[in-house]
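The values are calculated or read from the model by the stated rules, or taken from the named source; none is laboratory data. Just so you know, these numbers come straight off a predicted model, no measurement behind them. Quick reminder, even Gly has a Cβ in these numbers, built from the backbone with ideal geometry, and neighbours come from all protein chains shown.
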Amino acid sequence: AQSVTQLGSHVSVSEGALVLLRCNYSSSVPPYLFWYVQYPNQGLQLLLKYTSAATLVKGINGFEAEFKKSETSFHLTKPSAHMSDAAEYFCAVTPNFGNEKLTFGTGTRLTIIP
Amino acid sequence: SQTIHQWPATLVQPVGSPLSLECTVEGTSNPNLYWYRQAAGRGLQLLFYSVGIGQISSEVPQNLSASRPQDRQFILSSKKLLLSDSGFYLCAWREKTGALTDTQYFGPGTRLTVL
């Protein structure tokens, strides 16, 4: 079965500092991986996705993530945090063969310190 | 463009009362539809998904049921709510292009509080 683990349920960074949100996956086959963002009391919005093409994936709002097979990781980064980045972030995985489902991590709440 | 609607936005219900949450999608046809529940500190749990009218797959045995009476309508129901049914319910859709890379698009959610 596919699964993802997000290390750190809460992360705080200063405005302008590097954002690093961690996601490790467990899969017997190369998976497809996603990062979603959720603002308070809203649905989820896709930030970026890895689909076995380029290992460095760029998304919206200046975020990017790198797929590292050797480390089974797909960490999300942003060079300079902005106050508007405060939200909850979810990593998700689906196997790269016929499967309708996404499996989500437990989420990381990002707080930006002014 | 495609849009997804959920209602109500918030709901407070007593234990033992029935539930009906509705999700509709506009601007697409024959989508896959999904119901998720988000409980505090537990991420998103897939409850049901549907690949077509009347076709429902249940992921977790529970107090809830789902129906898809029309192509772009997905309903989540319960006959008797439990305290543990409280949470944030999200509906999502995905186009059926056969490509696994297709994105799931989420609705705004319904906050359910069972008292």
- [ ] Answer yes or no as to whether A:N41 is free of Cβ contacts under 8 Å to residues at least 40 places away in the same chain, on the phi > 0 side of the Ramachandran plot and away from chain B (no Cβ under 14 Å).
- [x] no
- [ ] Scan region A:59-90 residue by residue and report those that are under 18 Å from A:S12 (Cα atoms), of a type in the set (A, V, I, L, M, F, W, C) and within 14 Å of chain B (Cβ to nearest Cβ).
- [x] A:A87, A:F90
- [ ] Confirm whether A:K101 is charged (D, E, K, R), within 14 Å of another protein chain (Cβ to nearest Cβ) and surrounded by fewer than 21 Cβ atoms within 10 Å (Cβ to Cβ).
- [x] yes
Open item on the list: For region B:84-109, which positions are more than 9 Å from every other protein chain (Cβ to nearest Cβ) and at pLDDT 95 or above?
Closed with: B:Y89
Task: strands (runs of 3 or more DSSP E) completely within region A:35-77 that count 2 or more residues being under 12 Å from the mean Cα position of the chain (by Cα) and not basic (K, R) - done: A:44-50, A:64-68
- [ ] Among the residues of region B:1-55, count how many are over 11 Å from the mean Cα position of the chain (by Cα), of a type in the set (S, T, Y) and within 30 Å of A:C23 (Cβ to Cβ).
- [x] 3
Task: Condition met for A:L33 (buried (at least 18 other Cβ atoms within 10 Å of the Cβ) and touching a His at 6+ places or on another chain (Cβ under 8 Å)) - done: no
Task: Matching residues in region A:20-32 - criterion: being more than 11 Å from every other protein chain (Cβ to nearest Cβ) and part of a strand (DSSP E or B) - done: A:L20, A:L21, A:N24, A:Y25, A:S26
